1. So for the pair Thr34, Tyr53, with labels modelled 7 Å out along Cα→Cβ, what separation do we get in nm?
2. Multiply the residue separation of Thr45 and Arg24 by 0.36 nm, subtract the distance between their alpha-carbon atoms, and state the gained length in nm to one decimal.
3. Within a Cβ distance under 14 Å of Ala31, other residues only, what is the Lys/Arg minus Asp/Glu net charge?
4. Using the Karplus equation 6.51 cos²θ - 1.76 cosθ + 1.60 (θ = phi - 60°), what ³J(HN,Hα) coupling, rounded to whole Hz, does each residue of the stretch 30-44 give in order, writing x for Gly and Pro?
Amino acid sequence: MEIDGPRPFQGPFAGIETTPKLLRDVITTPAGITEEKEAVLAAWTQKNGGWMYGGL
């Protein structure tokens, strides 16, 4: 998952500014598409961020 700001979004997120307010949608939108549980997807997203940025 990537929020590619400040590049404008297309589709359902068109016209929405890239801010931390979108973080919830970063989980709920793909979870709705893949039917993955939001808690599982959120945990993996957090781990991936840690691996990418040297945290966790």
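FYI, it's all coordinate maths here, none of it is from the lab. Just so it is clear, the model here is predicted, and its values are computed rather than measured. For neighbour counting, all protein chains shown are included, and Cβ atoms are generated from backbone atoms with ideal geometry for every residue, glycine included.
1. My value for the distance between the label points is 2.0 nm.
2. Details: separation 21, 0.36 × 21 = 7.56 nm, distance 1.15 nm.
Length difference between fully extended and current span is 6.4 nm.
3. -2
4. x, 4, x, 6, 8, 6, 6, 5, 4, 5, 5, 5, 5, 5, 5
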